[in-house]
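Scroll down for the structure; my scribbles are underneath it.
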Amino acid sequence: MADDATRSPLVVTPASRLDSASSPAFEQELAARVAEGVTRVVLDFSQVAYISSAGLRVVLVTGKKLKAAGGTLALAGLKDNCLEVFEISGFVALFPLFGTVEEALAAG
Amino acid sequence: MLLRTRISLIVGAGFALVAACIGGTAYLHDRVAEARIAEIAISGQTNLWREIVAVRTAGLGNIAEIFVRVPALRQAVARGDREALGRIVDEVSLGLEDGPQAQMIEILGPDRDMLHIANRTVPGMILDAGTLDRAFAGEEVRGLRQAEAGALLLVEARPFELDNGGGRAVLVVARDARLALERFASRVGGSAALVTLRGRLAAVTNEQLWKAAALTLSPRRPVVENVEIDDRTYSVVSVPIRDVTGGTVGALTALKDATESASATRRLRQTAAASALLLSLAGVLGLNLYLWRSFRPLEAALDVLQGLARRDGTAAPEETRRDEIGRVIDAIAAFRSNAQELAETRRQRVRVRLRQEEVIRRELEGLADSIDRDDRDEVLALLGPTEAADRTVADDQLRRLARVMRDLSRRIAEQHAKLSTMVVELRDALVNKTKLIGIQQELEIARQVQRAILPKGVPDDARIGVHGHMTPAQEVGGDFYDYFMIDPDTLGFVIADVSGKGVPAALFMAITRTLLKTTALFERSPSGCVRRLNDLLAAENEQMLFVTLVYGILDLPSGRVTYVNAGHNPPYRVGTGEGDRVTPLPAYGGMAIAVVEGFNYTEQTFTLTPGETLFLYTDGITESFDIDDQPFGNERLVALLEAGAGADARGLTENVLDGVHAFERGAPQADDITCLALRYHGAAAGREEAPTNRLELRVANRLEALAPALEQIEEFCAENGVPMRAIQHVTLALDELATNIISYAWPAGGDHALTLTLTYSSGLLVAELEDDGVPFNPLTLETPDLDASVEDRQVGGLGVHFARTLMDDVRYEHRQARNHSILHKFADKDRARG
C-alpha cells in the first residue's frame, strides 16, 4: 500500500508459547500480513511465557522480510526469561526492544 | 678642596689681576693726565701772569707816554731843571687816572743822573745798571723788577729823546706788583702769592690761608700739587717768574680751592673700586653657584658610582642632561645597569646553584632512602643539617655533596652487588613461588571440590532434620561427613576423620567417602558396609593412613539407629528439650578403618524418640585449644549441647561451633572441625508422600508431543525445589535438543520414541535424552555468528547454542546403537548468580 509508511505499525500479539509446535502457524500468520504489504510490525511479547529457537526463527525470518521491504520490526514487553533467550541468541542487537507496545508505537 | 672652589678661586684671582691691571693703567693714565694738566696749569698760569704783567706794564707805558709827551718835561730834563721837573711831574701826576701816588717815577737824564724821583718806596734805584743800559740804548723795557729783597715791582723804562739833540733820557714808572698779583688772584679765582727765591713772601692776597698752608716750595721749578688745609683740598700751582733782566726772581704760587672736584674724583674712584670688587665677588659667587649646579648631577652620579663600588646599587642617577656631565651620567647609568645586571645574574646564579644543590641534596636524600637504614643514617649525617641557613659556605656545600655522592655511590654499588645476589636468589624463589601459587591454586580448587562433594541440600523428608559442617584446618581437610537416602525410609549418615591433614588426608577422604557411599547403597548392614570398606582401604594402604568413623542408618518410620563406631569419638544423644540429658553412645565398635584387613565390626542399635538429636563430631572440636593451650574438652561440648538441645539440627551445630570459636579466642585452628546433627522428628512428621527425585518419560516423535512432556518436567523440578530459572533453562535446553531429534533422527519417518530421564540430587539436575535414530552429535554444530546483522543472520543453529550456554555441562555419547545427550545443571549455582 502506498500510504503504509504513514500508518501506525501493525501490532501482533503471539500466544503464550512460541515453540517448535506452535511457531509454524505464527510464521504463516506473519507471512500473510507481510504479503498483504505490511512493512512495520510491533510484536507484543507481553503474553509470551516461553520461546524457543523455533520462535526466534520466525522473528528473524519476519525481520529479514520486513527489512528487505524497507520496513521495521520492533519487539515489546518481553518477560525476563524471553529477554534472556534474546540475549543469549544475540537478537537484542538485531531488533529494537521496548518495555511496552505503547513505547514501541510512540517511537514510531 | 673641591674643583668648584678651586675654579672659583682661580677666576677670583683672575678678576683681581685684571682689576689690578686696569687700576694700574688708570693710575698711570691719571698720572700722565695730571702731568699734562699740571703743564697746562703751569703754562696757563705763566701766560696769565705774563699777560697781566704785560697789561699792567702797558698801562705803565701809557703813563710814561703821557709824561714824555709833555714838552716842558722834556725841556726841564734837557736843562736839568729838577725843580721844574718836579713841578711838571707833580702836575702831570695829578692828571693821572690812579692819582699821583699810584706809581713811582724816576727820571734819569742823558747822563744817567737822577733828575727826579717820585713816590719811590724802595731804598735804591728801581732799575739795575744793565737794564738802564738797555733803556738808554733806546729799548723800552717792561717787566718785573725785584728792587730789593721782598719788594717786587712792575716797571716801565721809557727812553725818550730830548729836543734838539739834547740826548736821550729815560723815564722809569713802577708800581708795586701787588696789584698785578691781586688781579691774577681774581682771574684764577683763588689766592695767590709771590715768593722770592729765598722764600720770602713778597706779596700775598690771603695771608691767613697762606700761613695755614705753610708751603715749602722750590721757587725755581714749576710745581703743581694738592694740599689739605682744614679738611679742604687746595690745588697749588707754583711757577717761577722772571724779572726784566731775564733772571728768575721768585715764584708765583696760586692756591685754589679744589675740594669739590677732588672729592668728586675720590668718590668716583671709590665707587669704581667698590663696583669692581662687588662685580668680582658677584662673578665668583655666580660662577661658584653655576658650577655647583652643574656639578650636582655629577656628584649624584659619583655617589651612584661610589655606591656601586660598595656594591650598593640602590642609588639611581638623575635624569639625563645634554652635556658632558649628561654623558658621564649616561655612562654611569649604563654602567650601573650593567653592574646591576651583573649582580642580578650573579644572584641568580647563586640562587640557581643553591637550588641545584637543594635538588641534588634532596635527590641524594631520596637516594639514601633507598639504601639500608644504617647506611642511610650515615649518609644523612654526612649530608649535614637540612636548613639552608646553616649552609653558609656554598663551596663547602658542593664539596660536601660531592663527598656524599661518592660515599653514596659506593654504598649503592655495594648494595647493588648484594641486591644482584638477592635477585638471583629471588628469581629462584619466584620460580618456586610460582610453583607454589600453582599448587595453592590447585589446593583451592581441591578445597572447592571437597566442599562440593559434601552434601548441601537437606533430605526432603519431614521426619528428619540434618545439618552438617566442616571447617578444614588447611585448604583441604581429612574430615568429612555425609548423609544420603538409601531408600525412601532409610537415611545413611557418616562422620569420619582421616589421620593426618592436608592433601594426602583429603585424597584418602575422597576415596573413603566414595567407597562408603557406593558400598552403602547396596550393603544395608552398617557393619557389613564398614567391613567391606575396611577391606578395600586396607588392601592397598601404602601410606598407612587410617580413618576413624561412625557410620549408621536411620530407619525413619521407627527412629531406630543402627551404627558402627570404627575408633571414632562417640556421638552424643541430645534430649528433646533444653537442659535435657546429653549422653554419649557406647564407644566400641571396632578399630579404625584401613588398619587391618578383614576386621569384623560390631553393630549397635538404639532408637531415637521424636525430638531427639544425634550429634556426631570429630576430635577437632574437643581438641581445639585456646590461646593458653587449654583443650576444649568434652565437658564444654556437653554443656553446649545441653544448652542447645531445644534447637533444630542447624541451631544445635551453630551453637557448638560458636562456642568453640569463642573458646579459641583467636588461637589458630589445629585440626579440621567437623560435626553433624540429625534431629528425628518422628514418623508422624513424614506422613505426606515423599517426592520422587527421578523422572523418566517416553516422548513420541511428534513435535506436538513435546510440550506436554516439558510441562511434566517443569512440574517434577518444581516439586524437587529446583529454582525457577534453572527450570526454565533446563526446559529450553531439552526442548531444543528434543526438537532436533524429532525433526532429524528418523529421516524415514515412522513411529518412534525418545526417552527423557531427569534426576535431581544435591542441587545437581541431570537430564538425559536417548534415541535410536541416526547417530548424530549435536555438539558438532557450530555456534552461529551472534553479531551478524539481520540480513546476514543464519536462521538455524541456535538450539544447540542455547543448550551449551544454559547448561553447566553437555555431553554426547553414542553407545549400544543409541544417541545419548547428557545435560548437567547445578541449580544452586544459578540461584547464586540470579
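Quick rundown of the values:
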| quantity | calculated |
| --- | --- |
| Qualifying residues in the stretch A:17-46 (those that are within 13 Å of chain B (Cβ to nearest Cβ) and of a type in the set (Asp, Glu)) - the one surrounded by the most Cβ atoms within 10 Å (Cβ to Cβ) | A:Asp19 |
| Members of the stretch B:244-302 found to be part of a strand (DSSP E or B) and touching a Pro at 6+ places or on another chain (Cβ under 7 Å), listed by number | B:Thr248, B:Gly250, B:Ala251 |
| Failed condition for B:Leu786, given (1) in a loop (DSSP other than H, G, I, E, B); (2) farther than 19 Å from A:Ser20 by Cα; (3) of a type in the set (A, V, I, L, M, F, W, C); (4) away from every other protein chain (no Cβ under 14 Å) | (4) |
| A:Gly99, sole failed condition from (1) more than 11 Å from the chain's Cα centre (by Cα); (2) touching a residue at least 12 places away in the same chain (Cβ under 8 Å); (3) within 12 Å of another protein chain (Cβ to nearest Cβ) | (3) |
| Residue within the stretch B:331-344 that is in a helix (DSSP H, G or I), more than 30 Å from the chain's Cα centre (by Cα) and under 30 Å from B:Tyr290 (Cα atoms) present | yes |
| Of the criteria (1) touching a strand residue (DSSP E or B) at 6+ places or on another chain (Cβ under 8 Å); (2) charged (D, E, K, R); (3) within 8 Å of chain B (Cβ to nearest Cβ), which one A:Lys64 fails | (1) |
| So B:Phe599, is it among the aromatic types (Phe, Trp, Tyr), in a strand (DSSP E or B) and touching a residue at least 60 places away in the same chain (Cβ under 8 Å) | no |
| Top-ranked residue of the stretch B:797-817 - restricted to ones that are of a type in the set (A, V, I, L, M, F, W, C) and touching a helix residue (DSSP H, G or I) at 6+ places or on another chain (Cβ under 8 Å), ranked as surrounded by the most Cβ atoms within 10 Å (Cβ to Cβ) | B:Leu798 |
| Selection within the stretch B:619-669 - more than 23 Å from B:Ala496 (Cα to Cα) and polar (S, T, N, Q) | B:Gln630 |
| Looking only at the stretch B:345-364, and only at residues there that are of a type in the set (A, V, I, L, M, F, W, C) and within 16 Å of the chain's Cα centre (by Cα), the one that is nearest to B:Pro317 (Cα to Cα) | B:Val350 |
| Residues (assigned to a helix (DSSP H, G or I), among the aliphatic types (A, V, I, L, M) and under 16 Å from B:Thr583 (Cα atoms)) located in the stretch B:640-655 | B:Leu640, B:Leu641, B:Ala643, B:Leu652 |
| Unique match (being at pLDDT 85 or above and touching a Phe, Trp or Tyr at 6+ places or on another chain (Cβ under 9 Å)) among B:Ala413, B:Ala417, B:Ala496 | B:Ala496 |
| Output for the stretch B:516-536, where each listed residue is part of a helix (DSSP H, G or I) and of a type in the set (Ser, Thr, Tyr) | B:Thr518, B:Thr519, B:Ser527 |
| Residue in the stretch B:92-107 that is in contact (Cβ under 8 Å) with a residue 60 or more places away in the chain and not hydrophobic (A, V, I, L, M, F, W, C) present | yes |
| So B:Gly763, is it buried (at least 17 other Cβ atoms within 10 Å of the Cβ), of a type outside the set (Val, Ile, Thr), at positive phi and in contact with a helix residue (DSSP H, G or I) (Cβ under 9 Å, 6 or more places away or on another chain) | yes |
| Answer residue from the stretch A:67-79, given it is at pLDDT below 90 and within 9 Å of another protein chain (Cβ to nearest Cβ) and is farthest from the chain's Cα centre (by Cα) among those | A:Ala68 |
| Condition check for B:Thr805: free of Cβ contacts under 8 Å to residues at least 60 places away in the same chain, among the hydroxyl-bearing types (Ser, Thr, Tyr) and either part of a helix (DSSP H, G or I) or away from chain A (no Cβ under 14 Å) (or both) | yes |
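Results for (1) within 14 Å of chain A (Cβ to nearest Cβ); (2) under 30 Å from B:Val574 (Cβ atoms); (3) in a loop (DSSP other than H, G, I, E, B); (4) out of contact with any Pro (no Cβ under 7 Å at 6 or more places or on another chain), shown as yes or no for each residue.
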site	(1), (2), (3), (4)
B:Leu695	no, no, no, yes
B:Leu706	yes, no, no, yes
B:Gln712	no, no, no, yes
B:Gly721	no, yes, yes, yes
B:Ala733	yes, no, no, yes
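The values are calculated or read from the model by the stated rules, or taken from the named source; none is laboratory data. Small disclaimer: the values here were computed from a predicted structure and weren't measured. We place every Cβ from the backbone using ideal geometry, glycine too, and count neighbours over all the protein chains shown.
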